[in-house]
Amino acid sequence: MKRSKGKARRPKSEFRIRDTKSLPKVAAPSKKSDMMLAWKFENTDSEGPFGWSQLAESGKALEVINKLREFEGKNWDQIKSGGSHRIGVNKLHSSAQVRLQKLGMDQFDELISLRLTGKNRAWAFWWPQHENILRLLWWDPEHQVYPVEKDKADRKKRKRRR
């Protein structure tokens, strides 16, 4: 094989961009609700009444992972339209509030309830400086972190008792 003098041989690359002008321009999102969701798992609670260790035992791990993956392609407004929402910590079941204290995470005013399917929920929170990153906290297969009555009649009865 002959080499030409003065020119270094460059390896072939499949991923060369020849013209950067043809690349699409991507505008930065203007607010949190426009940003695509991302996850952090460093704060997940694996023990306790809502620990993720229950997920492995349930056989629903793949189902939950696929649902969380679906959320990644959506912004917060789209996720809310599917039944997910913010919940004040003071409205959570007392066992959830106690667990937050035990974990040293009682500085939050609200958590995010992510509706996966039926009663299944994943719970997360936002750090203010990472607007599109939700930090997963709990898996709640029976909707016990924030229990609600199933039908309107039950909710009306509870309101009358107050």
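Relative contact order for segment 37-144 using alpha-carbon pairs under 8 Å, separation at least 6, rounded to a whole percent?
Values: 147 pairs, mean separation 37.8, N = 108.
Worked out over segment 37-144, it gives 35 percent.
Exposure proxy shown here: for Thr44, Thr117, the number of other Cβ atoms within 10 Å sets the order, fewest to most, as Thr117, Thr44. Share of pairwise Cα-Cα distances greater than 21 Å in segment 37-144 is 29 percent (whole percent). Counting neighbouring Cβ atoms within 10 Å and putting the fewest first, the residues Arg115, Arg121, Arg99 line up as Arg115, Arg99, Arg121.
Set the bar at 25 Å for Cα to Cα. Now go through Lys60/Lys102; Lys40/Lys74; Lys74/Lys119 and name every pair that lies beyond it. Please list the in-between numbers first.
Details: Lys60/Lys102 27 Å; Lys40/Lys74 16 Å; Lys74/Lys119 21 Å.
Pairs exceeding 25 Å: Lys60/Lys102.
Just so you know, all these numbers are worked out from the coordinates, no wet-lab data involved. The shown structure was predicted, so the numbers you read here are calculated from the model rather than taken from an experiment. Here the Cβ is made from the backbone with ideal geometry for all residues, glycine too, and neighbour counts use every protein chain on show.
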